[in-house]
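Inspection log for the structure reproduced underneath, given as structure tokens.
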Amino acid sequence: MASPNPHRSGFAALIGRPNVGKSTLLNALTGEKLAIVSPKPQTTRNRILGVVTRPEGQVAFIDTPGIHEAKGELNRYMVEAALAAVDDVDLVLFLIEPPGGETPAVSPGNRTILERLQAAKKPTFLVINKIDQISKPALLPLIDLYRKEFPFAEVVPVSAREGDGVDNLFQAVLSHLPEGERLFDAEMLTDQAERAIVAEYIREQVLRHCRQEIPYSAAVLIEEFDESEREPLNPQVKSRLAGLVRIMAVLVVERESQKAIVIGKGGAMLKTIGTDARKSIERLLGTHVYLSLRVKVEDRWSERPEGLKKLGYE
């Protein structure tokens, strides 16, 4: 006799335009900061896996870069990474945010995404994020508008930043996944190596502190990740940093003028980026961190396939 509450597992992709809150939602679902967040668009550059394991099932969520008009090699890489994720999952979560105007409308960018989802023929949720920024009566016309465009399996309003509706979303996702055993060990949270997350934490501070074109021309390479002085974490003393990890990182930009901005007067900007990144890295690793940052120019790396490959975007 079949169990009334079978164990379910599968993959779900977070798809949408830039800045709709996909990374914030991934972090809220997993309870950990796996993806960096920024008010600047195109923050996420790679697919990021976040695994949520509960007694009733396991969901592997895939955060993807925002889908936008792809100009240049890096942007094409990001859009291709996002769209390819649709083909590899059991379920798609299409994120939108409330429109700025009073009359809701499907933007050209969202319409393009819906056309791709129509072709993929995968079960799809409409996830309306940032509901803390819209009144409840205004939600209904928005839902009706999108339901006329696509046969969504579910419509789930959430506020990823506030945590509202996040658990409801998880349970709805789980109910649409196939029955099956866990796909990953119960302890697994992500397939991202610590050094990859560290590189993203550093880039997050570039996004936060630098303006102009710098954030979109910057990449981070971890040259050294020395754990020889690291101590095992004591689960009973989570607040105490134990041991030391030494990290040597290179912040890559495209022009000498950008290098000067990132370093700042007397090295002030680079020091600020390093200090704030180190705090995040220490919380991640649970250890003291010595972080050494230097800046290097790699001419037009974001426009050249070999430049992308050199910096890990393949």
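Coordinate-derived values only; no laboratory data. In this text the structure is predicted, and so the values were computed from the model without any measurement. Ideal geometry is used to build each Cβ from the backbone, glycine not excepted, and the neighbour counts take in all protein chains shown.
Tabulated results
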quantity	calculated
Set Lys130/Lys279; Lys22/Lys309; Lys121/Lys310; Lys130/Lys296; Lys40/Lys309 screened for pairs whose C-alpha atoms are more than 31 Å apart	Lys121/Lys310; Lys130/Lys296
The chain: relative contact order as a whole-number percent, Cα under 8 Å and 6+ apart	18 percent
Degrees, to the nearest 10: 194-209 long Cα axis against longest axis of the chain	90 degrees
Taking the range 27-176 and dividing mean pair separation by its residue count, relative contact order in percent (alpha carbons under 8 Å, at least six apart)	20 percent
Quotient of Cα Rg and 2.2 N^0.38 Å for the chain, N being how many residues it contains	1.06
Candidates per trypsin sites (Lys or Arg not before Pro) in the range 66-126, loop by DSSP, up to 13 other Cβ within 10 Å	Lys71, Lys121
Packing-based order for 285-298, 130-143, 47-60, using average beta carbon neighbours within 10 Å, highest first	47-60, 285-298, 130-143
Whole-Å distance, taken between Cα centres, linking the range 210-233 and the range 251-314	7 Å
Computed E for Ser175/His209 - FRET, C-beta separation, R0 51 angstrom, nearest 0.05	0.75
DSSP-defined beta bridges in the chain - what % are antiparallel, rounded to 5	35 percent
Spatial separation of Cα centroids for the range 14-64 and the range 109-140, in angstrom	16 Å
Pairwise FRET efficiency - Asp144 versus Ala119, Cβ, R0 = 30 Å, nearest 0.05	0.80
The chain: angle of helix 108-120 to the longest principal axis, Cα-based, in degrees nearest 10	70 degrees
Calculated [θ] (222 nm, deg cm²/dmol) that DSSP helices of n ≥ 4 give over the chain, each run adding -39,500 (n - 2.57)	-10500 deg cm²/dmol
Residue of Asn168, Asn19, Asn75 that the Gaussian network model of the chain assigns the largest fluctuation, springs spanning Cα pairs under 10 Å	Asn168
Cα long-axis angle, helix 166-175 against the chain (0 to 90 degrees, to the nearest 10)	60 degrees
